[in-house]
Amino acid sequence: MNGLNLIEDFDKFKCGMELFLKPPEFSVGTTPSEVIFSEDKMKLIHYFPNVERPHQVPILIVYALVNRYYILDLQPDKSVIKKLLEEGFDVYVIDWGYPSGVDRYLTLDDYVNGYINNAVDKIREFSGLDKITLLGVCQGGTFSVMYAAQHPEKIKNLVTLVAPVDFDTDKGLLHLWAKSLDVDKIVDYYGIVPGDFLNAGFLLTDPFRLMIDKYVGLFDRIECEPNDTACSIRNEETIKNFLRMEKWIFDSPDQAGETFRQFMKDCYQKNLLIKNEMKLNGKKINLKNITMPLLNVMAEFDHLVPTDASIPLTEAVSSSDKETLVFPTGHIGIFVGSKSQKEVCPKIAAWLKPRSLLNGKGEEKTLEQSRKNRKSKVNKK
C-alpha cells in the first residue's frame, strides 16, 4: 500500500468534507412558469414561451410518480424543458406532488383517466385545440401510452422517453426483483408506500456507482492549489451541480398504495399491457388504438428501463408514422448528460416541429385568441 497515495486521498476527502460542511446555495427548476390548474395534490404547470409565436400544438410532459419532474429542469444548462422552449414549443408539465395517507386508495385509473385526462382537457381548453402532444417520461411514459390508447382522439403526437411497456425481460435488477416482490404484503402493511423504501431499491440496482463512486469522483474533481481563486469558483459550481442531483435522487414522494399494487402486479409481474389485456376501471387498454405519430426514445445503457422493455411499443401500435431512437447514454444521462442538450432534445424537437402544425380545417382558434383565453382563465383562478 502506497502511503503517499493514502495521504493524498485523505487530503482530497478532507477538502471535500469541508466544502460539504459549508454547502453553497443552489436551486432547481428555475425556468419561469405558473400553475394554471390544480386537483388534489396534482398541479399543471405552464412554462412561459421563449418565442413570440410558439409551435401551434402544445406539449404536455408526464413524468413518473417516483422522484420528481424537475430532473427535466435541473439547471439552466441541463434542462430538457428549457431546450424545448428554445426550440419554440409551448410546454406544460404535471407535478404529481407528494401523496399522503388520504391518497392511499387512489387507483391507476384515477391517475390516467382522472388527473392526466383533466390536465389534457385543460390544455385543450386553454389552447383552443382538439389535440395536443403527449410526452411521457419513464413510468409517466407508460401512463401516457395507456392514456393515448384510451383517448386517441385527444392526442396528436405521442413521444415516449425511456418508457417501459414490455416488462418480460431479465435485463436489469429492477425487473428481476419486481417479479418476486410480495406487492400485496407491502401495500397492505404501508397503505402509502414510502418513497425512501422504493428509492433504496433503485440505488441497489447499481450500488457502487450510485452510492460510492460518485463521491470519489467528486472529491477528485475539487482539488485546488492554495489561493487558487479560479479553481475555488469552479469547485463551487461543481458542488452545486452535484447537490442538485443529490436533491433529486433523494426527493422521493410516497406512492398511493392501490396504484402501486396494480402497476407492479399488472405490468411487472403479469406483463398485461403489451398483451392488450390490462384494464383500467374494467376497460381494456388496446395498444392498437394508438394511431397517432409515435416517437419512441431510449437510452442504450439504461439500468432501470432496458431497451428490451421499450422497443416492442413501436410494433405494438397501429401508427403508420412511427420512429425509434436509441442514444448511447443512461437513464439519467438522457435528461442531464451532454448528449441530452446536443442530441436528444434537438432530435425530439426536429421530429415534432413538422407534426405540430394545425390541420387547416379552421376548427382551432388562432394563437392570439388562445393566449387571451389562457390569460382570462388564469386571472379567474
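Every read-out reported here was derived from the displayed coordinates using simple, explicitly stated rules and does not represent laboratory data. Bear in mind that the values here come from a model prediction, so they are computed numbers and not experimental data. All Cβ positions, even for glycine, are placed from backbone atoms using ideal geometry, and neighbour counts span all protein chains on display.
Before moving on, here are some points about what is shown:
- Cα gyration tensor shape for segment 267-363, rounded if a/c is under 1.5, else prolate or oblate: oblate
- Of the peptides 78-86, 275-283, 309-317, the ranking by mean beta-carbon count within 10 Å, highest at the top, reads 78-86, 309-317, 275-283.
- Computed magnitude of the charge dipole of segment 130-188 (debye, nearest 20; Cβ of K, R +1, Cβ of D, E -1): 280 debye
- Label separation (GLU52 vs ASP40): 4.3 nm, computed from points 7 Å beyond Cα along the C-beta direction.
- Label point at ASN276 placed 7 Å out along Cα→Cβ; residues across segment 307-322 whose backbone nitrogen lies under 16 Å: 312-320
- Computed from label points 7 Å out along Cα-Cβ, the spacing between ASN227 and LYS265 is 7.0 nm.
- The HN-Hα couplings worked out from phi for segment 70-76 by the Karplus form 6.51 cos²θ - 1.76 cosθ + 1.60 (θ = phi - 60°) are 6, 4, 7, 8, 5, 7, x Hz, whole numbers, x standing for Gly and Pro.
- Residue by residue, segment 173-186 carries 3J(HN,Hα) couplings of 4, 4, 5, 5, 5, 4, 5, 9, 6, 7, 5, 4, 5, 5 Hz when phi is fed to the Karplus relation 6.51 cos²θ - 1.76 cosθ + 1.60 (θ = phi - 60°); x denotes Gly or Pro.
- Sequence of ARG234, ARG68 once ranked by neighbouring C-beta atoms within 10 Å, starting from the fewest: ARG234, ARG68
- Least to most buried among VAL137, VAL35 (fewest other Cβ within 10 Å first): VAL35, VAL137
- Pairs from LYS279/LYS347; LYS247/LYS339; LYS265/LYS288; LYS185/LYS283; LYS171/LYS342; LYS154/LYS185 whose Cα-Cα separation, in the structure shown, is over 32 Å: LYS279/LYS347; LYS154/LYS185
- The HN-Hα couplings worked out from phi for segment 157-164 by the Karplus form 6.51 cos²θ - 1.76 cosθ + 1.60 (θ = phi - 60°) are 9, 10, 10, 10, 10, 6, 10, x Hz, whole numbers, x standing for Gly and Pro.
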